[in-house]
Structures are given as C-alpha cells and as structure tokens.
1. What does the C-alpha gyration tensor say about the overall shape of the range B:9-72? Classify as rounded when a/c is under 1.5, otherwise prolate if a/b is larger than b/c, or oblate.
2. Would you work out the charge dipole size for the range B:81-124 about its Cα centre, treating the Cβ of every Lys and Arg as +1 and the Cβ of every Asp and Glu as -1, and quote it to the nearest 20 debye?
3. Which GluC sites (Glu not before Pro) in the range A:223-278 sit in a loop by DSSP (not H, G, I, E or B) and have at most 13 other Cβ atoms within 10 Å of their own Cβ?
4. What are the trypsin sites (Lys or Arg not before Pro) within the range A:314-363 that DSSP puts in a loop, where the Cβ has at most 11 other Cβ atoms within 10 Å?
5. Protein chains only, probe 1.4 Å: how do A:Arg71, A:Arg149 rank by accessible area, largest first?
6. Take the residue pairs A:Lys184/B:Lys118; A:Lys477/A:Lys612; A:Lys95/B:Lys118; A:Lys95/B:Lys120 and return only those whose Cα atoms are more than 31 Å apart.
7. Distances longer than 14 Å among the Cα atoms of the range B:59-99: what percent of all pairs is that?
8. How big is the range A:258-401 along each principal axis, measuring the range of its Cα positions in Å and listing the largest first?
Amino acid sequence: MGLVSRGAAAAGLGAASAVVRPGPPDAVPHPIPTPPPESAALGSSRMPGMVLKAFFPTCCASADSGLLVGRWVPEQSSAVVLAVVHFPFIPIQVKELLAQVHQASRVGLAVLGTWCHRRQETEESLGHFLEGLGAIFSHEPWLQLCRERGSKLWSCKATRRQVPPHPGAPYEDQVMLVFYDQRKVLLSQLHPPAAVPDRQAGDATASAGGLAAVFDTVARSEALFRSDRFDEGPVRLSHWQSEGVEASILAELAKRASGPICVLLACLLSLISAASACRVFKLWPLSFIWSKLSVCEQLRHRLEQLTLVFSTQKAENPTQLMRKANVLVSVLLDVALGLALLSWLHGKDRIGQLAEALVPVADHVAEELQHLLQWLMGAPAGLKMNRALDQVLGRFFLYHLHLWISYIHLMSPFIERILWHVGLSACLGLTVALSILSDIIALLTFHIYCFYVYGARLYCLKICGLSSLWRLFRGKKWNVLRQRVDSCSYDLDQLFIGTLLFTILVFLLPTTALYYLVFTLLRLLVVAVQGLIHLLVDLINSLPLYSLGLRLCRPYRLAAGVKFRVLEHEAGRPLRLLMQINPLPYCRVVHTYRLPSCGCHPTHSWGSLCRKLFFGELIYPWRQRGDKQD
Amino acid sequence: MEDEQSFSDICGGRLALQRRYYSSSCREFCLSCPRLSLRSLTAVTCTVWLAAYGLFTLCENSMILSAAIFITLLGLLGYLHFVKIDQETLLIIDSLGIQMTSSYASGKECTTFIEMGKVKDVVINEAVYMKVIYYLCILLKDPVEPDGISQVVPVFQTFTACDISEKVCLLLSSCFLSHLGAVWPELLPL
C-alpha cells in the first residue's frame, strides 16, 4: 500500500500507470515537486470579506469519498460542485475527462477539492491522504469537505497556498454550504433569462448575475453527466444520473419519428399555402368575400401556426421551443374540442332539430322587428313624430323586412344540408366552428345591418346639413382651404332659403334620430354577441396551455428565482442552506408565453366610438375595410 | 440566539418581532402579525346573512340564501389565502442576498429573493396614513442605467403604528446596514 503512494510521489503526473488508491501511507509523503499548474487558479482574486460559497449537489451528500469536480467563480467567490470522482482514479485520466468536457461545453471545470465521507471516526489516515492530493491537483482555494457517516455534522475548510493579497486577510476562508438539487437546477429555466454569452465566444464568463451563473454552469455541463455507474469508463463519477441515465423510450421514438413526419407535414402545408395563394382567389368577388369572413382569417392564422410548428428547423432557444409546444398543444386541444362538438352535433339528429328551429326563430325576429317598426310609426314613448317622414321610413323598412323574410323562406329547404356540411368543419377545430357561428350570425342579421346603415346615413346627412345651415344662420361658412370657420356675407335669398331648410331639418330631426337610435342599439347588440364569440376564439388561440401544464406538473422547470432555507445549525459548524427553486406565478407564465392572436382588436377607444355614434359615422368594430355581403 | 420584542400595528393589533442569529453571515427577522379575530369574523358573517335574509323575505327565492352561504365561504377562503398575512420573515445571508417570505393564514408562502448584486440601497420611506408611518424599503439597481433605480421593494407588508414604526425601522435598518456595511461599505450612512 505504501508502495503506491511513493510511486505516485516519485512518478509525479507523467506516469499513466500510477493509480491512486486510498490507503494509509507508511511515511509522510515527501514534498512532491510542485507540478506545472495545469489547472491553475482561475483567478485568485476575491472580494474582500466575502464568504466562500460551496454549491453542493444533494445527490452527492451520501456518496463515497473522492475528489470534488466543478467550477470556481472568482467574482462571486463561489465553488459550484458538479460531481465527485471516486477512488481508484488516475490523475491524468481525470484531467483528460475535464478537458473533454471543457471542449464540449465551454465551461472551465477543475478539481476543486476533496470530499471525505467517513465510516468511523478513526479514519484519520484517509484525511492525511486526501490532503496530499492537494499537491497533485492544485487549485486556489482548495476545498475540503468532510462528513461523518450517518450524521448531519459537516466540516468545511478552504485553504490557500499563495500569500494572501491583503495583509489582514485570513489564510483560511469561511465556507458556507448551499445544497441544490442538481436535476431540478439542470432542467429549470430562469425568467427573465440572463444574457448568456455566446458559445463560440470562448469560455463562459460569470458576467451573468451570481445565481444565474450557477444555473448556467449546471445546464452547460451536461456532457459530464452522460455516463452512469454501469459504464466501464476510466473515471467513476457520482452525480444525479450516476444511478442510471434518465431516458424514455417514448421520447426517443418521438424524436426519431418527428423528423420524417415534420418533413411530410411541412410539404403538405406548403402545398396548401401555395394553393391558397393562387391567382384565382385574388379575383374581385372571391377576394372580397375572403377578406370579410372571420373563418378565413382564423384558418389563415392556424395555417401559419402549423407551418411554424412543423418547420424542419430546430428551435434556437428555449423560448421558441416553448412557443412551438404551446402552439401544438393549443391546436390539439382545439381539434379535440371540435371533434367533441362534431360528435354532439351529429348525434340524435341535432342538426335537423337546429335547422327546423332556425326558420321559426328568424320569423320570430322579423315579427318582432315589424312590431317595433309599427310602434315607431305610431307615437313611440309618447313622442310626436312627423307623420309623413315617419310613414315613408317605416314603410321602406317594412318592405325591406318583407324581402328578407321571403329570402329566408326560399332558403329553408336547403338549410339542413348547409348546416350539415358546415358542421363538418368543426373537425378543423372549435375556433373554426365558432368563427363560422359568428359569420352565420352576421349573415342572418344582415337586415339589421342594412337598417343601421340607412338610418346612420340619413342621420349623418341631416347632421351635416344642420351644422352647415346653422353656420349660415349665424352668417359664417366653412373655409375648406383654410380648414376653419370664416365669416361670409350671404344674399338675402340665400339666407331665406337657408333658414327655411334649417327649420325643416330641425323639426325632422327627432324622427330620424329615433330611427337611428333604435337601429344603432340593435346593431350594437349584434356586434356585442359577435364580440363575445371573437373573445372566446382569441382566448383559445392565445392561451399557452403547455406552459401552464408545465407550471402545474413540473413547477421547477419555470423558475422565477430561488429561495433558501437554513438547515440545522450548530455553533462552530459551517452554515448550511438548502437552495430551492421558486416557481413562476401563473399570471407571469401566461404573460410571458402568450401566443400572438389574430390581431382583430377593436381599433376605437370609447371616446372616439361615442363621437362617431353622435355624428352618425359608420362604425366597423372588427374590420378596417367594409363589411359583410351576402 | 433569539430575541423577541412586541409592538402594535396601525389598527392596534399586537405584533411580535423576533430576531434570530444563525451565524455571523446569516440573520433572520420574523414579524408575526395579529391573528384573525373571531369577533370581526362573526360580525361580517352575521351582516352578510342578515342582508341575505332580508332579500329573501322580499323576493321569496331560496337561492339567495344559498348564494349568501357560498359568498361567505368563498370570501373567507379568498381572504385567508390572499390577504391575511400570518408571519413575515426577512433572511439576510451575507454575500448571497436578502430573502423575504410572507406566510398567509391558509398556509401559502410567498418568497422573494433579491441577490446582493442587485441591491442599490436600503431606505426608510415615510407614508401619511392618518399620521406619518415609516417603512423600510430596498432599492434595486437598474440594469440599463447605472445610476438609476429600477424598483422600490418594501420589506414588510404590515405596517407598525406611527410612533413605534420609526423605532422598528431604525432597529431593522441598523442591523441590516451593519450587515451589509461589511460587504458594501458605500451603503453605510455617512
């Protein structure tokens, strides 16, 4: 046994066959010629007065004695321990492994110190041996963590060999132990994401804030965790996967299958987009119709989203990946709900019942409108209307209504067939079905829309005429060139006719205003119903279901920060803290991962809406251009 | 090492401030807030149920009574889960950061951890609430502007009574600053 340690001392680091095993040395090892500092101190500067923080993975707390491997962050004075290397090991192989991982992940790993997990209290020889290892792997500061087996008492030491930079600074640092769950820290993602330096730009610096650097280190060192204890590698490590690498057959199969499926679906989707962009659809009547129907808008939106999900490019960062996953889950849920609706509709002849109920409902609505018009033609709410104008307007609208009823009756034999085919479209998704419903409502209430337009135009003309004649009454006019009101001298006959027209318009105002008010209210009611449906469609489109599900089932994946808990403490022992992940609150999850919706938001504020209503300008709450046509 | 002191809050309830000393680099302050009083709970429940009964005699609809029961239950659960704070803890860990935990009466714990690198300064703010009360705040650095402040985070959400609040704040801030002063000398008041 003694031969081994002397052999190690004599051969230094060059001999590949010098295996280091634990054992009581026969003699105190001679001062070993200090090897060239390969794993040189990565900056021995530290902030004055900072306690040394050792981040230790909880999975290694019960591991056997060995070497601590990890990363030293000098600016934060913290040592992030990633794994424990067990005996027997060959120092040169350990260094090779660290160099390999460094190349793969660009994280500067080093041997930070020793870990001693004692069985009995009398194994002091092990302690001496471990101290000797500090000469082989030199690192500033050299950590020595020690634990009695089966007890919660830890002892930590961090020693420095170099002369301390400040005369008053201690030779040994105070150490604080922070335990962290390696698996959770590896898989979690901090929000807001710290600016992670480019992989190609050399070694990862700790410019990210203190704890973000810890997360970053663990996440990048995946290459270190790839081997478990069943692998016959040269070096035996202990980390979170050392009991067996985590893998899932389903995940592997999905990964293999996703390649060809994505290619196939991407081709299909590109065919569909090419077909929809074809020239035929740009011709006037069709393009007009497509731009008005909300179904087309929704289908276009879904096509875009599916193209994003099934594109053959890999997601560049976690945000894009989450977005893809959210879109996929949202589409799947939409289709599932749509299929449920479809099965409900097509069972028990509900379509027939719906079609049968539709015509009587339309008739009923038309009857109610007729009653309303008759009421307006009489003395509505006790107001006295101008009889002639009232009759003209009333009869005009009644005739229009009569035309509409005839049209509905003409269509009634075909309604069931139409509804059946339209109901099939629910298999594309619940949002498509809701958009179709919104379009059907718009088509069925087209007559209300027409009445609103007639009433609004009349009212608008009246208001324009009134304002212009009111200016004439006061002797002013509107200067179009200067865009202001100027005084003007009118002839006597101009004034006479102007004043006459003004009085006529003023006395006819209540009638027109009443018709306008009634039909605007009806129109606003229909718009409100359509608005609710659009709101529901928007909700289904933009809710990030995958992120919410992740937050519910795996809260550590979405981290807002960390929280610390002070563990059992004894005087004279180092402070022990447990670092846990603080999950992101639900409202922030929704806010961060919201999907972009169609974009059909109402463009008016309440103030401008009221202004438009007062002046009789037509309001288009959802579209920038015109409105639906039959 | 533990230390306890009692104060009273704005409404007259009893607050207890406990100080724990774990090590030279770690200290904890625990502020226990007054418990939910049975008297106020009974008063609110009786008011709601009497009003519901009054409506019931007017409308003769028994749904109102069930609705009143639901409203009372949901209101109480919501109050315990979102509003009623049982205990507030401030944990200061040298060179790591400051952690503030609020535990609600329903058992929910809300934790915020601020890293030491983000703390710009610790201040005592004044607020006018009938009289002047004082509360301790942490100023956070702005990542974009080096001299700017991005957020003002109050440390405790319960406010102590006016004449006591200054004492509490000075007590906390002196411990706080002596702690931080060892690490960041520029935070010490001149």
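1. prolate
2. For the range B:81-124, the charge dipole is close to 140 debye.
3. Those that pass, being in a loop and sparsely packed, are A:Glu232, A:Glu243, A:Glu246.
4. Passing sites in the range A:314-363 are A:Lys314.
5. Solvent-accessible surface, decreasing: A:Arg149, A:Arg71.
6. A:Lys95/B:Lys118; A:Lys95/B:Lys120
7. Distances greater than 14 Å cover 68 percent of the Cα pairs.
8. Principal axes ranked by extent give 74, 41, 32 Å for the Cα atoms.
The values are calculated or read from the model by the stated rules, or taken from the named source; none is laboratory data. Everything numeric here is computed off the predicted structure, so don't read it as measured data. Every residue, glycine among them, receives a Cβ derived from its backbone with ideal geometry; neighbour counts consider all protein chains shown. Areas reflect the complete protein model, heavy atoms only, side chains present, ligands, DNA and RNA absent. Shrake-Rupley method; radii C 1.70, N 1.55, O 1.52, S 1.80 Å.
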